[in-house]
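K.L.:
Sharing a structure, written as structure tokens. Questions coming.
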Amino acid sequence: MSSTTRLTIYGIQASRALRPLWAATELGLPFEHVQTDYRQGYTRTPEFLALNPNGRVPVVVDHRPESEGGDIVIWESMACALYIARYHGTVGGKADGTTIAPATPREDAEALRWSFWTMTEVEKDALTVLMHRLSMPEPQRKPELADQAERRLHVPLRVLEAHLARQQAQGEAHIAADRFTVADLCVASVLLWVRATRSLMDNFPVTSAWLKGCLAREAYQALKKKAA
């Protein structure tokens, strides 16, 4: 990890910005957190749109020396987390197998595929459960939509449950390795939206135990404490 680089992370923790915030915290990186609340219209200012024309958080700016091309701007939350792990979780461009950065081609493949899988197979329904069970004002909630989403989530969660069981059978406690990596971070950052839904999580005990372990990590707990 280079001491000459510094990150700025735009977003609020109660958003997908959690992903790069968690990645940077896991790695012990110095970073500036610019509280950018999309609910207050801050992502529609000319200054923010110059960073991300989509008007969404998170945005990560990697401040690099001019000799390395200067500032690099990354948006899309999973891309942000994967980028931070790849370029700030290594020494001299190589991972040593102790951080969240993938250290082998297999670990890298697992991080990529499970991150994309989470976005395509899980996130939409997990967000529906979160919104219509907890986040939205109660009069606006539609429990039937949450019920339908929970039923659909059984399909991808069976896939994850089987994968984690195979991992444990071969002595690896996490998605890509025996240690917590960015693969776990990306998947856990979505599944935390449904962790309180016992009627769903009780059907997947291996996944539930794995998620509990991910959310008990010091870095995640530190972020929670900051947000409290």
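Read the figures in this text as sums done on the coordinates, not as results from a lab. This is a predicted model, so every value here is computed, not measured. Glycine also receives a Cβ, built like all others from the backbone with ideal geometry; neighbour counts cover every protein chain displayed.
K.L.:
Is the C-alpha gyration tensor of segment 168-228 telling us rounded, prolate or oblate? Criteria: a/c under 1.5 is rounded; beyond that, a/b larger than b/c is prolate, otherwise oblate. Kindly include the intermediate steps, with their values, before the conclusion.
P.N.:
Details: a/c = 2.26, a/b = 1.16, b/c = 1.94.
Oblate.
K.L.:
Additional query: Tell me the relative contact order for the chain as a rounded percent, counting alpha carbon contacts under 8 Å between residues six or more apart.
P.N.:
Computed over the chain, the figure is 19 percent.
K.L.:
Counting alpha carbon pairs within less than 8 Å and at least 6 residues apart, what relative contact order, in whole percent, applies to segment 105-217?
P.N.:
30
K.L.:
Which whole-Hz couplings ³J(HN,Hα) result when phi for each residue of segment 202-211 is put into the Karplus expression 6.51 cos²θ - 1.76 cosθ + 1.60, θ = phi - 60°, listed in order with x for Gly and Pro?
P.N.:
5, 7, 9, x, 5, 5, 4, 5, 4, 5
K.L.:
Could you point to the label whose value was computed as percent of Cα pairs over 21 Å apart for the structure here, given (1) 67; (2) 57; (3) 53?
P.N.:
Matching the structure shown: (2).
K.L.:
Next question. Of 128, 43, 120, which is the most mobile in a GNM of the chain whose springs link Cα atoms less than 10 angstrom apart?
P.N.:
It is 120.
K.L.:
In whole Hz, what ³J(HN,Hα) sequence does segment 94-104 give by Karplus (6.51, -1.76, 1.60; θ = phi - 60°), x for Gly and Pro?
P.N.:
10, 7, 9, x, 10, 9, 6, 6, x, 10, 9
K.L.:
Could you work out how far apart the two model spin labels at residue 63 and residue 169 are, taking each label as a point 7 Å from the Cα in the direction of the beta carbon, and quote it in nm?
P.N.:
Going by the 7 Å Cα→Cβ label model, 5.0 nm.
K.L.:
Students often forget the sequence filter, so: which lysines lie under 19 Å Cα-Cα from residue 212 once same-chain residues fewer than 8 apart are removed?
P.N.:
The reachable lysines, counting only those whose Cα sits under 19 Å from residue 212, are 224, 225.
K.L.:
Could you pull out the trypsin sites (Lys or Arg not before Pro) across segment 55-156 that fall in loop regions by DSSP (anything but H, G, I, E, B) with no more than 15 other Cβ atoms inside 10 Å?
P.N.:
141
K.L.:
So, one more: Take the alpha carbon gyration tensor of segment 7-89, find the square roots of its eigenvalues, order them as a ≥ b ≥ c, and report rounded if a/c is under 1.5; if not, report prolate when a/b exceeds b/c, else oblate.
P.N.:
It comes out oblate by the Cα gyration axes.
K.L.:
Per residue of segment 149-155, what does 6.51 cos²θ - 1.76 cosθ + 1.60 with θ = phi - 60° give for ³J(HN,Hα)? Whole Hz please, x for Gly and Pro, Karplus curve as stated.
P.N.:
Result, rounded to whole Hz: 5, 4, 4, 5, 5, 4, 5.
K.L.:
Still on this structure, please answer the following. Considering amide H positions built from the backbone, and no H for Pro or chain starts, which residues 5 or more places from residue 6, or on another chain, come under 5 Å of its amide H?
P.N.:
Amide H neighbours of residue 6, under 5 Å, 5+ apart: 63.
K.L.:
I've got another one for you. Can you tell me which of 58, 102, 205 moves the most in a GNM of the chain? Springs connect C-alpha atoms under 10 Å apart.
P.N.:
Evaluated over the chain, the most mobile residue of the options is 205.
K.L.:
On a C-alpha basis, how far is the centre of segment 17-57 from the centre of segment 204-218 in Å? Whole number, if you could?
P.N.:
26
K.L.:
Based on the alpha-carbon gyration tensor of segment 105-217 and its eigenvalue square roots a ≥ b ≥ c, which shape applies: rounded if a/c is under 1.5, prolate if not and a/b is larger than b/c, or oblate? Don't jump to the answer; show the numbers that get you there.
P.N.:
Details: a/c = 2.16, a/b = 1.97, b/c = 1.10.
It comes out prolate by the Cα gyration axes.
K.L.:
Relative contact order for segment 7-89: what percent, with Cα pairs under 8 Å and sequence separation of 6 or more?
P.N.:
Answer for segment 7-89 is 35 percent.
K.L.:
Further question: Counting Lys and Arg as +1 and Asp and Glu as -1, each charge on the Cβ, what is the dipole of the chain about the Cα centre in debye, to the nearest 20?
P.N.:
540
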